[in-house]
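A short worksheet on the structure shown next.
The values are calculated or read from the model by the stated rules, or taken from the named source; none is laboratory data. Note that this is a predicted model, so its numbers are computed, not measured. Here the Cβ is made from the backbone with ideal geometry for all residues, glycine too, and neighbour counts use every protein chain on show.
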Amino acid sequence: LETAPVIDGLDEWPAAPSTFLRRRVFSIDHKVIGRQFLWLGLCFLAIAGGLAMLMRWQVAHPGVPVPLVGRLLFPGTGGVVSPATYTALFTMHGTIMIFFAITPILIGGFGNFCVPLLIGARDMAFPLLNMLSFWTMFAATAVLSASFFAPLGPPMSGWTSYPTLSTAVGSPGIAQTMWVVAIYLNGASSVMGAVNTITTVIRLRAPGMTFFRMPLTVWGFWLASILNALFVPVLAAGAVLLFFDRVLGTRFFVAGSTIKAGGDPILYQHLFWIFGHPEVYILILPAWGIASDLLSFFARKPAYGYKVTVWSLIAIVILSGVVYGHHMFVTGMSPMLGESFMILTMIISVPAVILGVGWLGTLWRGAIRLTTPMLFALGLVFVFGLGGFTGLFLADVLADVYLHDTFFVVGHFHLTMSAAVLLGAFAAIYFWFPKIFGRMLNEPLGKLHFALTLTTVIITFGLQLLLGYAGMQRRLADPSAYEFLRPLMPLNRIVSTSAFVMGAAQMLFVANFFYSLFRGPPASANPWEVGTLEWTVPSPPPHHNFDRIPTVLVGPHELGNPAVKAKLGRDYLAQNEDLP
Amino acid sequence: LMNVARTMPPADPLVAADPQVRSRATSSVGMAIALGALTMTFAALFLAYAIVRSQAAAWPPPGEAAAALAWPWPIAATVAALAGSVAMRAASRANRESAHTLTRGAEARIPMVPAMVQAASTHTAVATVPVPQRTATTITTTTKLKRALRMTAAAGVIFIGVQISGWVGLAAAGLRPSAGMVVSVVYALTLFHALHALAALLALLWLLRRVSSGPLAHTSALDVVAAFWHFVTIVWLVVFFAVFVA
């Protein structure tokens, strides 16, 4: 293969476009596209969060009209969340949170913004594809949003959309078909982004930026992109067959009978979970990478066991592809196969614990600065630990047969791939906001946001573990209808109250975000005093990122080095900086 | 300097963005990853087919006609797909020859976007790279390239036409997608594959337009389209053998 000459300087880089459309809307600049993804993701985070509030109201106070917004949203029932509405709520909550909130914020937003800046490149490898990726995602969100208003109601077969619920018989009407189309478009957008990120990291690293000098954030995004490129296409295949089943009348997921041959509803579950389990790592890997960097930055010392951390991440990526069966223990899987999946799943805890040891080792005897991003990174470590340990119970076939489809599962995956990932996303927002928007967020308000969020996350999802252990199934519109669940209602009300406080606490973030966007103190180039490449350029970075492509000399965590302190009078060294 | 700048083609975002961006290796890496992703989709579809078929009592299942698996149109489609790939290989060969004679041109074409040339006041060397004259050799290779690409496109159009005639024929024989498992498999795999064949054809037409406006300054555009084209052919061969022959 020919390799391109690395041309330095600005002479070949196109100037920023002058029209509003090309600069702000149909931009091919990774920083603008990153911001677009961030805004889109935050909007849908708010929507999906709102849906969760409605659900929690119904579970805690079944049959009572929703205060304030109830009559506006559900005029037909006098403001009460009907069982059908409840089903639609949890379907859309899960779908939006996973595919249209967390993924756009972390991978779309920060992946786009950070990867080129952190490896010393001027843009992604394929800027036009990058733009296409955003607008494909936009089309997906448009289709999914429209499905709210479909004639027979929104999609109602859960975020997993298992047949037979999701077939034309189980879900008549166009809404479920729109869901399938939205998921396919969303997947296409993710794969375009993944192709771009993988290629960018392989091809566009600055001179001297070896793989083992990359910030762990970049490792997180790169590995998540590899999983994205490999496994999202499998979901796409499931979506295609479901689409054909619904629209053309093929029979892939329709069970056969003695009269007419058919396919197999369980087949969809295989296709879904071959994708679905790697997906949870697609969500958490960027957050892990970000937290690993932030812990080092704010403990003012190098990441403990950087290479071991990287190899653990790689091991997790490989293992994540061979454990999906643990989602299907109750489908009548052969015990031998179930046991294999159980053992493989439990093996994941080995690299996961190594990661945790690395994080604690990084903190050990560090000169810790408890800034807001650091607090959120610490919160991620704690919450992920909590959620991760509960995963061991679900990995075990016998325990899972009891816990399957209970609130234990809900609590577990909210702690790991929702709360932990969102805490990582907030860490990223508080950390890179100065670089993205050129202004500082308010620190005291951020710390209050953190304290309330962490407390309510632990109460809400921790107690959900308890509810599930006590036998409460998920997806019940009215648990009080079952006599054996009535004693759990007080616990349900605590969970809901905690969730409402969590929702309200996010208003602090919204206020902080918008106030700081316009009125926050201007950010210096390097407000956190760290050495990765994005902090060597102004905040926000110029259109071309770097006046000259930097030459990287050291790793990302050159912090607390006494030799540096003696010569430069500060405790960090930029990645492209040489000691005089 | 300004004269040179004005005669250059408008900025193509992919070409102009960065020398690294337009390099062959970068596009090849990107295309390889994209094809890997597509392979996963098709592999998952074939997995679904394998599971459905292995669970059936017999294949075709009792009560379903084997007519859907009759060979005439799949064989015609296979011939068209293979012919397209052969023609595409000829195009790649012509393109390599053309790229060889145009190497200097490839260097000269890129920096001539007006904004860049203006920004490069201290880099006068950029503007002084000689723009090569079109020689007799480059014209012949370009003609060869165009002819090969048109033949490839023709094969692609025939392929899609054969697929459509196949679906129409099935439907006319009363074999709609809902008729049974065999037709489900036939429709799903050929439809999804044909959509990718259509995408390959559109990419090829875009390439033909670029070739018509002047010789290709670099080979990566044709390389990636050719890779995608051959991929679609290979997937068709798998469909043909797995669904119609096996």
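Values computed for the structure shown
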item: Scan of the range A:51-81 for residues that are aliphatic (A, V, I, L, M) and either touching a strand residue (DSSP E or B) at 6+ places or on another chain (Cβ under 7 Å) or surrounded by fewer than 16 Cβ atoms within 10 Å (Cβ to Cβ) (or both), ordered by number; result: A:64, A:68, A:69, A:72, A:73
item: Residue ID - surrounded by the most Cβ atoms within 10 Å (Cβ to Cβ), chosen from residues in the range B:56-85 that are in a loop (DSSP other than H, G, I, E, B) and more than 14 Å from every other protein chain (Cβ to nearest Cβ); result: B:70
item: Condition broken by residue A:551, with the remaining ones in (1) surrounded by 14 or more Cβ atoms within 10 Å (Cβ to Cβ); (2) outside any loop (DSSP other than H, G, I, E, B); (3) not charged (D, E, K, R) satisfied; result: (2)
item: Residue in the range B:190-199 that is loosely packed, with under 15 Cβ neighbours inside 10 Å and either modelled with pLDDT under 95 or closer than 25 Å to residue B:92 by Cβ (or both) present; result: yes
item: Which listed residue, of B:6, B:93, is assigned to a helix (DSSP H, G or I) and either facing chain A (nearest Cβ under 7 Å) or modelled with pLDDT of 75 or more (or both); result: B:93
item: When residues of the range A:191-230 are limited to those that are more than 15 Å from residue A:30 (Cα to Cα) and hydroxyl-bearing (Ser, Thr, Tyr), the one farthest from the other protein chains (Cβ to nearest Cβ); result: A:217
item: Unique match (being closer than 19 Å to residue B:169 by Cα and among the aromatic types (Phe, Trp, Tyr)) among B:71, B:59; result: B:71
item: Residue A:197, sole failed condition from (1) touching a helix residue (DSSP H, G or I) at 6+ places or on another chain (Cβ under 9 Å); (2) surrounded by fewer than 24 Cβ atoms within 10 Å (Cβ to Cβ); result: (2)
item: Pair list, Cβ < 6 Å and 6+ apart or interchain, from the range A:292-318 residues that are at positive phi to residues that are charged (D, E, K, R); result: A:300/A:571
item: Members of the range A:247-271 found to be part of a helix (DSSP H, G or I), surrounded by fewer than 24 Cβ atoms within 10 Å (Cβ to Cβ) and either more than 7 Å from chain B (Cβ to nearest Cβ) or in contact with a Pro (Cβ under 6 Å, 6 or more places away or on another chain) (or both), listed by number; result: A:247, A:265, A:266, A:269, A:270
item: Flag for residue A:405 being surrounded by fewer than 23 Cβ atoms within 10 Å (Cβ to Cβ) and more than 25 Å from the chain's Cα centre (by Cα); result: no
item: Which listed residue, of B:162, B:168, is away from chain A (no Cβ under 14 Å) and either free of Cβ contacts under 8 Å to residues at least 60 places away in the same chain or surrounded by fewer than 16 Cβ atoms within 10 Å (Cβ to Cβ) (or both); result: B:168
item: Qualifying residue in the range A:172-180 (condition: free of Cβ contacts under 8 Å to residues at least 40 places away in the same chain, in a helix (DSSP H, G or I) and among the small types (Gly, Ala, Ser)); result: yes
item: Matching residues in the range A:467-525 - criterion: being within 27 Å of the chain's Cα centre (by Cα) and of a type in the set (Lys, Arg); result: A:474, A:475
item: Residue A:178 vs. criteria surrounded by fewer than 24 Cβ atoms within 10 Å (Cβ to Cβ), more than 12 Å from every other protein chain (Cβ to nearest Cβ), farther than 15 Å from residue B:35 by Cα and out of contact with any Gly (no Cβ under 6 Å at 6 or more places or on another chain); result: yes
item: Of all residues in the range A:302-317 being outside any loop (DSSP other than H, G, I, E, B) and hydroxyl-bearing (Ser, Thr, Tyr), the one that is farthest from the chain's Cα centre (by Cα); result: A:306
item: Members of the range A:276-325 found to be surrounded by fewer than 22 Cβ atoms within 10 Å (Cβ to Cβ) and either in contact with an Asp or Glu (Cβ under 8 Å, 6 or more places away or on another chain) or closer than 17 Å to residue A:426 by Cβ (or both), listed by number; result: A:300, A:302
item: Verdict on residue B:170 being assigned to a helix (DSSP H, G or I), within 24 Å of residue B:71 (Cα to Cα) and over 23 Å from the mean Cα position of the chain (by Cα); result: yes
item: Close pairs (9 angstrom Cβ cut-off, 6 or more residues apart or separate chains): at the interface with chain A (Cβ under 7 Å from one of its Cβ atoms) in the range B:40-55, of a type in the set (Lys, Arg) anywhere; result: B:52/A:251
item: Condition check for residue A:486: touching a residue at least 60 places away in the same chain (Cβ under 8 Å) and basic (Lys, Arg); result: no
item: Residue, nearest to the chain's Cα centre (by Cα), within the range A:318-364, restricted to residues that are within 28 Å of residue A:294 (Cα to Cα) and among the aromatic types (Phe, Trp, Tyr); result: A:359
item: Count - residues of the range A:430-440 that are part of a loop (DSSP other than H, G, I, E, B) and in contact with a Gly (Cβ under 6 Å, 6 or more places away or on another chain); result: 1
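Results for (1) of a type outside the set (Phe, Trp, Tyr); (2) farther than 30 Å from residue A:34 by Cα, shown as yes or no for each residue.
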position	(1), (2)
A:397	yes, yes
A:411	yes, yes
A:420	yes, no
A:459	yes, yes
A:479	yes, yes
A:484	no, yes
